[in-house]
Amino acid sequence: MFGGLKAKLQAARSRLGSSIQTVITTPAAGAGAEGAQQEPVPEKGKPAVSPSTAAQPTIVDKFKVLLIERELIISEKDVADALAELELTLLESDVALPATDAIIAHVRKSLVGKHRRIGESVDSLVVGALRAALLDVLGNGFDLLAYIRTHPRPVRILFTGVNGTGKTTTVAKIGSYLKKQGFSVVIGAGDTYRAGASEQIGVHAERLGIKIIQHPEGGDPSAVLFDTVQYATSHKIDVILADTAGRFHTKANLMSQLEKIKRVMKPDLVVYVDEAVAGNDAVTRAFEFDKTIGADAVVLTKADMDSRGGAAISIAHTIGKPLMFIGTGQSYDDIIPFEPAKVVEELLGDA
Ligand SMILES: Nc1nc2c(ncn2[C@@H]2O[C@H](COP(=O)(O)OP(=O)(O)OP(=O)(O)O)[C@@H](O)[C@H]2O)c(=O)[nH]1
Ligand SMILES: [Mg+2]
């Protein structure tokens, strides 16, 4: 998952590290580490130590483990090239422009200026800056289990999004996940539009042993979901998962159908589902859906097929709504709650 982005971030990390290393070890570079980079002042009567005989930085000094023992001052200029490369890397990885700008600004703010971090290596300074910047744009995620535990039952969750992104599969996966966590679940087959859609979700529900409410194809999806709410209420079910037909936000009639579903079903959460592989398109569509119909959280599917990771990095920051789950395959267990700290450790880890 996001292997390409991980490799690129590793390269950016080394590049930033060596830019800072240059500040420490090269006398002429930047404002530099005061003292550490200055030529030794010759004592009166003694010859100056020639550069060739002065202690050269060892290989250990040059890489990662050089300790910053004095006040290090990194100027904007010292890291400008490395930051420009990082910016390009993020954009190439399909990280949306506002998220890229935020990451660069955060890293710059962390690195430029004075540092008095005795014993800290250059690499950990850089990793700390990247970690903080990524965590900043990733937000807090969304703890669905905590949400369900703290809200009146049945908790009503409506899934929306464009065609073929994995809504139905996600409904099944989340149904399975919640069942394993001990919650009772009912699925509403709200896609009465696409041929075979109701049958598709019916097969999932049967395999998972989850109750499903269905109407004949071509019926009003609001009516199906109304019945689903009635069933859940009378049977004291914890969670309603409502599937819907895929649609684009530009289709006014289909969006007004979704408005009607919302009025009738009164969802507690509207979850926008898109595929991580769509990159920037997913971010743009999520933004449009949120504007048109509203979205409380996002699920990104097909992360297993996405090397670039751009959508996952930028979607929460760009639309201002948390990423809740990531889909990582076609099996029911291939879904993971989105935990920003874990994702950042994975991206910046040495493995
Ligand atoms: N690799 C991978 N495939 C997935 C994932 N999630 C869904 N899929 C596949 O994507 C395809 C479409 O999934 P659906 O769940 O039918 O998508 P949908 O959004 O309900 O589609 P419509 O109802 O037609 O709009 C299926 O072949 C799924 O198996 C995922 O996380 N990883
Ligand atoms: Mg579907």
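Couple of notes before you dig in:
- Sole residue being under 36 Å from the mean Cα position of the chain (by Cα) and either modelled with pLDDT of 90 or more or of a type in the set (D, E, K, R) (or both), chosen from E34, E43, E87: E87
- Test: residue in region 325-339 that is within 16 Å of ligand 2 (Cβ to nearest atom), at pLDDT 95 or above, under 25 Å from G196 (Cβ atoms) and part of a helix (DSSP H, G or I): no
- Residue ID - farthest from ligand 2 (Cβ to nearest atom), chosen from residues in region 271-294 that are buried (at least 24 other Cβ atoms within 10 Å of the Cβ) and of a type in the set (A, V, I, L, M, F, W, C): V283
- Restricting attention to region 132-179, the residues being more than 19 Å from the chain's Cα centre (by Cα), within 16 Å of ligand 1 (Cβ to nearest atom) and of a type in the set (D, E, K, R) number 1.
- Scanning region 292-331 for residues that are among the β-branched types (V, I, T), within 9 Å of ligand 1 (Cβ to nearest atom) and more than 24 Å from Q257 (Cβ to Cβ) gives I326, T328.
- Any chance Y193 is hydroxyl-bearing (S, T, Y), farther than 19 Å from G327 by Cα, modelled with pLDDT under 95 and surrounded by fewer than 19 Cβ atoms within 10 Å (Cβ to Cβ): yes
- Residue satisfying all of: in region 74-93; assigned to a helix (DSSP H, G or I) and β-branched (V, I, T); nearest to Q10 (Cα to Cα) among these: T89
- If you go through region 300-351 and keep only what is of a type in the set (D, E) and surrounded by 19 or more Cβ atoms within 10 Å (Cβ to Cβ), you end up with just D306.
- Note on region 181-201: residues that are within 12 Å of ligand 2 (Cβ to nearest atom) and of a type outside the set (A, V, I, L, M) amount to 9.
- Some residue of region 120-134 being away from ligand 2 (no atom under 16 Å from the Cβ), part of a loop (DSSP other than H, G, I, E, B) and either within 27 Å of E217 (Cβ to Cβ) or at pLDDT below 95 (or both): yes
- Every condition in (1) within 30 Å of G190 (Cβ to Cβ); (2) of a type in the set (S, T, Y); (3) without any contact (Cβ under 8 Å) to a residue 60 or more places away in the chain holds for Y147 except the one numbered (3).
- Every condition in (1) out of contact with any helix residue (DSSP H, G or I) (no Cβ under 7 Å at 6 or more places or on another chain); (2) closer than 17 Å to D101 by Cβ is met by G294 except one, and the failing one is (2).
- Residue match in region 193-200 (condition: out of contact with any helix residue (DSSP H, G or I) (no Cβ under 8 Å at 6 or more places or on another chain) and more than 13 Å from ligand 1 (Cβ to nearest atom)): no
- Of all residues in region 217-231, none are of a type outside the set (S, T, Y) and within 24 Å of the chain's Cα centre (by Cα).
The values are calculated or read from the model by the stated rules, or taken from the named source; none is laboratory data. Just so we're clear, the structure is a prediction, and the values are computed from it rather than from any experiment. All Cβ positions, even for glycine, are placed from backbone atoms using ideal geometry, and neighbour counts span all protein chains on display.
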